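> Below is one structure. I have some questions about it.
The values are calculated or read from the model by the stated rules, or taken from the named source; none is laboratory data. The structure presented is a predicted model; accordingly, all values stated were derived computationally and were not measured. All Cβ positions, even for glycine, are placed from backbone atoms using ideal geometry, and neighbour counts span all protein chains on display. Surface areas here come from the heavy atoms of the whole protein model, side chains and all, with no ligands, DNA or RNA. Shrake-Rupley method; radii C 1.70, N 1.55, O 1.52, S 1.80 Å.
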Amino acid sequence: MSRLAEGSVDLVVTSPPYNLGISYGKYSDRQDRRSYLGWCGEWAGQVRRVLRPDGSFFLNIGAAPSNPMLPHEIVMTLREFFVLQNTIHWIKSIAIGEFCSHRPEAGQIDAGTGHRPVATNARSFGHFKPINSPRFLNDCHEYVFHFTKSGRVELNRLALGVPYQDKSNIARWRHTQGDDLRCRGNTWFVPYETIQSREKERPHPATFPVQLAEWCIKLHGVSRVEMMLDPFLGIGNSAVGAQRCGVKKFLGFEIDDAYLVEAKRRIASGRGGRSRK
């Protein structure tokens, strides 16, 4: 990044190593905490230098139940360089009770508390890595921190818009301007695709879905992205997302030759996974 011109990048979407002991090919993911956070400050300083004043920086960071403060420590490190404008919760798996999809009917409300019963016929969606522990819950989400230089960068919120469940809101709320579309909010359900072989289909120990990158691009505004950057390219899912969104120029860095070869292959074939709206 030190070779890039100052203010030459409109959008950064990336996910660095989390320092949680993941087995990468050419990178040791087991630094002491102070060294790791210092390293994060080094690359974050370069991201700030190359980012335009109205640019966006989307940073995907996960945690481990035994190390829950890591994402927040990174945010505290990066506040020297950026303003945290939005915190997005990437939901990888969720269980939803059958009563949640419609208004409660007679018999669905507890007469004593006025609430729906806790135990419902729930359905699970998405994928997660089970945790075999009597202390911790299964970890079914990660963070996407949206940083900007000023905290005042306007977004294309309706690019990820969803219809109103209660259609009366369309007429009741003036800001809808009669359209059945609202801001999706800061909880994004983006599941991994089911695969049969990690080695053949997802040869990297820690990737984010192409759709996650696409949504970041669309939220910032595709028409405003002349140059997009991913300093931790991995196998190229952010590049595939940029390709699908029609981003004009993309630049990514990767230190592992095997991952880089796979990234180039995925970009050439556009096979980072199915594209979803």
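> Please calculate the 1.4 Å probe accessible area of Ser124, with all protein chains present, and give it to the nearest 10 Å².
For Ser124, the solvent-accessible surface is approximately 90 Å².
> If you stretched the chain out fully between Ser124 and Arg152, how much longer would it get, using 0.36 nm times the residue separation minus the C-alpha to C-alpha distance? Kindly include the intermediate steps, with their values, before the conclusion.
Values: separation 28, 0.36 × 28 = 10.08 nm, distance 3.70 nm.
Gain in length upon complete extension: 6.4 nm.
> Can you give the FRET efficiency to the nearest 0.05 for Ile131 and Asp32, using r as the Cβ-Cβ distance and R₀ = 35 Å?
Details: r = 25 Å, r/R0 = 0.70.
Efficiency, rounded to the nearest 0.05: 0.90.
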